[in-house]
Amino acid sequence: MATRTDAPTRREQILKEAARLFAERGFHGVGVDEIGAAVGISGPGLYRHFPGKDAMLAELLVGISGQLLTGARQRLEEVDGAAPEAVLDSLIEGHIDFALDDRPLITLHDRELDRLRDADRKLVRQLQRQYVELWVGVVRELYPELTEPAARSAVHSVFGLLNSTPHLGRPGALPGRATTAGLLHRMARGAFAAAGTPCPSA
């Protein structure tokens, strides 16, 4: 999948710092002035980009859900016709990139999703369901013996594993990005393999 190399826009800079601050101190523990200071503009200057903190939070959580879905669809197009193992590997790699590079957003989703307006929260859930079902189809292609509910449970379990990165310590405490990514990938594949292995008869 192509990697963006453009310099971030001011709007993207604001969102990145807002995500970091919200994750560190909680949504209500951060003021507009602090977010502005983090990107070098006055607090009131932020209102040229966002009407308020609620809009920032909504764009962060709706945005990452949409990006995950779009990225997964692009990966499926790129590996179209490949072996099921390669297709699943590509999806896992994409989610690991998110889990390692956007750790504040995982924290935000866990803590602040209920603060969104009903319409935004429903949109996040809708995008997430589509993302899950895309994975379910790929997993069942590789492990056809899995029922749809079992495959869905396995996908949610693997997401829980991969999204545990905010609890692995500060970024500098991890063994290195490549090593951590490799470990997460092996654990995810192992979890799917275990889910697809029939239990021995009692």
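The values are calculated or read from the model by the stated rules, or taken from the named source; none is laboratory data. A quick note: this is a predicted structure, and the numbers were derived from the prediction, not measured. Quick reminder, even Gly has a Cβ in these numbers, built from the backbone with ideal geometry, and neighbours come from all protein chains shown. When the accessible area is computed, the model is the full protein with side chains, heavy atoms only, and any ligands, DNA or RNA have been set aside. Shrake-Rupley method; radii C 1.70, N 1.55, O 1.52, S 1.80 Å.
Can you show me the helix-derived [θ] at 222 nm for the chain, built from DSSP H runs with n ≥ 4 at -39,500 (n - 2.57) apiece and divided by the number of residues, rounded to the nearest 500.
-23000 deg cm²/dmol
Please identify every one of the trypsin sites (Lys or Arg not before Pro) in segment 1-94 that sits in a loop by DSSP and has no more than 16 other beta carbons within 10 Å of its own beta carbon.
Of the trypsin sites (Lys or Arg not before Pro), the ones in loops of segment 1-94 whose Cβ has at most 16 other Cβ atoms within 10 Å are Arg4.
If you stretched the chain out fully between His28 and Glu77, how much longer would it get, using 0.36 nm times the residue separation minus the C-alpha to C-alpha distance?
Working: separation 49, 0.36 × 49 = 17.64 nm, distance 4.07 nm.
Separation in residues times 0.36 nm, less the Cα-Cα distance, equals 13.6 nm.
Taking only complete DSSP H runs, can you tell me which helices of the chain stretch 20 Å or more along their own long axis by Cα positions and average at least -0.5 on the Kyte-Doolittle scale?
Qualifying helices: 53-78, 84-101, 118-142, 148-162, 177-195.
Restricting to Cα atoms and excluding each atom paired with itself, what does the Kirkwood estimate give for segment 85-202 in Å?
Mean inverse Cα-Cα distance, inverted, gives 15.5 Å.
Using a 1.4 angstrom probe on the protein heavy atoms only, could you order Glu34, Glu112 from most to least accessible area?
Working: Glu34 70, Glu112 5 Å².
Largest accessible area first, the list is Glu34, Glu112.
Return the Cα extents of the chain along principal axes one, two and three, sorted largest first, each rounded to a whole Å.
64, 38, 36
Let me know the Kirkwood hydrodynamic radius for segment 115-172, please, with Cα pairs as the basis and the value in Å to one decimal.
13.2
Once you have the Cα-Cα distance between Lys122 and Leu183, take 0.36 nm times their residue separation minus that, and quote the gain in nm to one decimal.
18.6 nm
What length, rounded to one decimal in nm, is gained on full extension from Asp54 through to Glu145, with 0.36 nm per residue of separation minus their alpha-carbon distance?
Difference between extended and current length: 28.3 nm.
Just to confirm my numbers, what's the Cα centroid distance between segment 83-141 and segment 20-59 in Å?
If we compute the Cα centre of each part, the gap is 24 Å.
How far is it, in nm, from the label point at Ala194 to the one at His156 when both lie 7 Å from their Cα along the line to the Cβ?
1.8
At a threshold of 8 angstrom on Cα-Cα distance, excluding pairs fewer than six apart, so keeping six or more, what relative contact order does the chain reach in percent?
21
Considering only the other residues whose Cβ falls under 13 Å of the Cβ of Val136, what net charge follows from Lys and Arg at +1 and Asp and Glu at -1?
Summing Lys/Arg as +1 and Asp/Glu as -1 gives 0.
Enter the accessible area per residue of the chain (Å², integer; probe 1.4 Å; all protein chains in place).
For the chain, the solvent-accessible area averages 54 Å² per residue.
Calculate what fraction, in whole %, of the accessible area of the chain sits on carbon and sulfur atoms when a 1.4 Å probe is rolled over the protein chains. Spell out each step's value before the answer.
Values: 5910 of 10980 Å².
That share works out to 54 percent.
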